[in-house]
Amino acid sequence: MNNKQRTATIKEKKYPDFTWVDIQDPSDEEANELATTQGLNPILVKDSLQAGHLPKLEHIEEGYFMILRACTQEVDKPTSINDFSNKIAFFVFRDRLITIHRAEYAFLDSAPPHIKHVDALVLHIVDNMVDSFQEPVENLSNKIDDMENHIFTKKGSNLTLEQLYFLKSKARIGKKLIGLIQTVINELAVGKGHKSRLQDIKDSLTAHHLLYDEAVEDTNGLLASYLSVTAQKSNDVMKVLTIFSAFFLPLTFIAGIYGMNFDVMPELRWQNGYFYTLGVMVLICIIVFLWFKRKRFF
């Protein structure tokens with residue numbers, strides 16, 4: 001839809017001590033108007049609408065501006081943070097909270113009505129954003145286990161290097177994103193009564209970071225295993241071809257000699273020459289077989 005035709009969804013909710021204004025998918029004109037009416041920095045409002053903006057925290061007059069990202073979708077071939085996450089921008093003041101976002105978030109409509117302080121609402125939203133990474137990392141872990149099982153079974157032939165690459169990419173981007181969110185949350189300051197909730201969020205981020213870090217290591221190991229198994233299969237094929245060559249090379253040599261058209265070849269006049277030659281060929285095959293068996297190539 002054209003940016004000029006888009007109309008923002010604006011919801012305003014009043015609490016005893018503050019007001020929450022939630023703005024979804026504003027146009028550039030609406031964003032500029034918002035900056036004017038709410039007294040916000042236009043540059044920060046522009047940052048809140050930039051699709052690929054990374055998490056950050058910036059202190060402003062009488063409050064702070066924060067951008068965080070939540071996992072809202074999962075794609076098979078992620079190449080950037082935007083492929084499976086969207087952001088929410090927070091303008092936090094003592095008596096009001098303004099959130100700006102493009103995507104729709106169900107948890108924004110389920111804020112508890114008994115919230116009494118703006119910090120509590122911010123932490124409620126942040127907590128839900130952090131929790132949005134739980135299911136994707138679990139799915140990623142399960143997929144890694146399935147692929148590992150496929151690699152070491154006959155089903156491994158269905159896998160491709162591209163699938164493993166994008167699996168590793170998803171784990172790597174998830175780990176990077178969680179790390180950026182951790183940096184922002186560690187800088188976040190809240191009132192004394194909300195420090196326990198903030199610490200719970202930090203603990204959840206640490207747990208998610210460890211899971212994504214483990215996923216990165218697992219995908220690296222998975223990729224190495226896949227390359228190793230593929231190389232082993234290639235070696236097995238080359239081994240079979242080498243064994244066949246060892247049998248047929250001397251036989252081809254004998255056939256080549258007696259396939260030459262020289263007049264003076266006494267063996268060509270032998271009455272049982274054909275059978276002698278076959279006997280020599282069989283003897284050579286037996287000798288080659290016994291030699292390979294002694295060397296334990298079979």
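Amide H contacts for F93 (H built 1.01 Å from N in the peptide plane; partners 5 or more residues away or on another chain; cut-off under 5 Å): I98. The simple Förster model, with R0 at 51 Å and r as the Cβ-Cβ distance, assigns K233 and H194 a FRET efficiency of 0.35. A protection proxy built from the mean count of other Cβ atoms within 10 Å ranks the segments 210-217, 38-45, most packed first, as 210-217, 38-45.
Using the crude model of +1 on Lys and Arg Cβ and -1 on Asp and Glu Cβ, and no other charge, please compute the dipole size for the chain relative to its Cα centre, in debye to 20. Around 1360 debye, computed over the chain. Simple spin-label estimate for L283 and Q271 gives 2.1 nm between the two label positions (7 Å along the Cα-to-Cβ direction from each Cα). When you restrict to C-alpha pairs under 8 Å that are six or more residues apart and normalise by the size of the chain, the relative contact order lands at 14 percent. Once you reduce region 161-202 and region 74-131 to the center of their Cα atoms, the two points are 14 Å from each other. Selection among Y105, S48, S204 by position relative to the dipole of the chain gives S204 as farthest towards the positive end (Cβ unit charges, Cα centre). Fully extending the segment from D109 to K176, taken as 0.36 nm per residue of separation minus the present Cα-Cα distance, adds 21.3 nm.
In terms of its C-alpha gyration tensor, region 238-294 has an oblate overall shape, because the principal axis ratio a/c (a ≥ b ≥ c, square roots of the eigenvalues) is not below 1.5 and a/b does not outweigh b/c. Taking 0.36 nm per residue of separation and subtracting the current Cα-Cα distance, fully stretching the chain between T183 and D28 would add 52.9 nm.
Shape of the chain from its Cα gyration tensor (a ≥ b ≥ c, root eigenvalues): rounded if a/c is under 1.5, otherwise prolate when a/b > b/c, or oblate? Prolate, since a/c reaches 1.5 and a/b exceeds b/c.
In region 1-136, Cα pairs under 8 Å separated by at least six residues give a relative contact order of 24 percent.
Around the amide H of T19, modelled in the peptide plane, lie the amide H atoms of R96, L97, all under 5 Å away and 5 or more residues distant in sequence or on another chain.
Screening the chain for whole DSSP H helices of 24 Å or more along their axis (Cα) with average Kyte-Doolittle hydropathy at least 1.6 returns 273-294.
Each peptide in 165-177, 58-70, 244-256 receives the mean, over its residues, of other Cβ atoms within 10 Å, and ordering these scores from highest gives 165-177, 58-70, 244-256. Residues F289, F84, arranged from fewest to most other Cβ atoms within 10 angstrom of their Cβ, appear as F289, F84.
Every read-out reported here was derived from the displayed coordinates using simple, explicitly stated rules and does not represent laboratory data. Values in this document were obtained by computation on a predicted structure and should not be read as measured data. Note that we place each Cβ from the backbone using ideal geometry, even for glycine, and neighbour counts take in every protein chain shown.
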